[in-house]
Structure formats: structure tokens, C-alpha cells
Amino acid sequence: MQDIQPRGLRRTAAAAYIGISPSLFDRARAAGVIPAPRQMFGVALWDRHDLNSLFDGKPAMKADNDNSSDYWDRECATGNLAS
């Protein structure tokens, strides 16, 4: 039978996959260097493809708003329906 390599990795396995300790993984994650995990079935999983992008020199995916201005947040939340 062929070994199956999971695409989703838990924190410790994700750290080992890229060759660093879990504590360094946590610090790099907090600094925004490592992409955020995906929540699947109540478990935080790092996508192997996202981790591969670190070695390809691509920036980490950002799920949060990386815009320094909240212009659209203000404009869309005004409730002003008259145009």
C-alpha cells in the first residue's frame, strides 16, 4: 500500500515539514511570515501548498484585512441607501 501524505498538517507537523521547531513556527506565525491555518472539522490545519510557497519566495496568504485604511468598512457600514 502506498503511503499517503496529508495535505493538511497540524501545528507540530507543519513546523517539522518546513524544518523548524514548533516555538519558532509560532513566532513566525505571529510575525505574519507563516500563513494562517485553515479551520476544517474543528481542527487548525496548515495547507502543505501554503507552506511550500514559503520556499518558493511567495508571500504568505493573508486572510485578514491588510489595508491600512478602513475607508470601505466605513462606507459600506453607513446604511445610507439614498443615492
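The values are calculated or read from the model by the stated rules, or taken from the named source; none is laboratory data. Predicted, not measured: the structure shown is a model, and the values here were computed from it. All Cβ positions, glycine included, derive from the backbone under ideal geometry; neighbour counts span all protein chains shown.
Worth a mention:
- Pairs meeting the criteria (first residue in region 3-25 and more than 21 Å from PHE41 (Cβ to Cβ), second residue small (Gly, Ala, Ser), beta carbons under 6 Å, at least 6 apart or on different chains) are PRO22/ALA15; PHE25/ALA15.
- Residues of region 14-26 that are touching a strand residue (DSSP E or B) at 6+ places or on another chain (Cβ under 9 Å) and loosely packed, with under 15 Cβ neighbours inside 10 Å: ALA16 alone.
- Subset of region 48-60 [at pLDDT below 90 and not hydrophobic (A, V, I, L, M, F, W, C)]: ASP56, GLY57, LYS58, PRO59
- Hits in region 27-43 (condition: within 11 Å of the chain's Cα centre (by Cα), loosely packed, with under 14 Cβ neighbours inside 10 Å and not β-branched (Val, Ile, Thr)): ALA30, GLY32, GLN39
- Selection of region 29-44 for residues being closer than 15 Å to TYR17 by Cβ, modelled with pLDDT of 95 or more and of a type in the set (A, V, I, L, M) yields only ALA44.
Per-residue answers, yes or no, for (1) among the acidic types (Asp, Glu); (2) modelled with pLDDT under 95; (3) assigned to a loop (DSSP other than H, G, I, E, B):
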{"position": "SER23", "(1), (2), (3)": "no, no, no"}
{"position": "ASP26", "(1), (2), (3)": "yes, no, no"}
{"position": "TRP46", "(1), (2), (3)": "no, no, no"}
{"position": "LYS62", "(1), (2), (3)": "no, yes, yes"}
{"position": "SER68", "(1), (2), (3)": "no, yes, yes"}
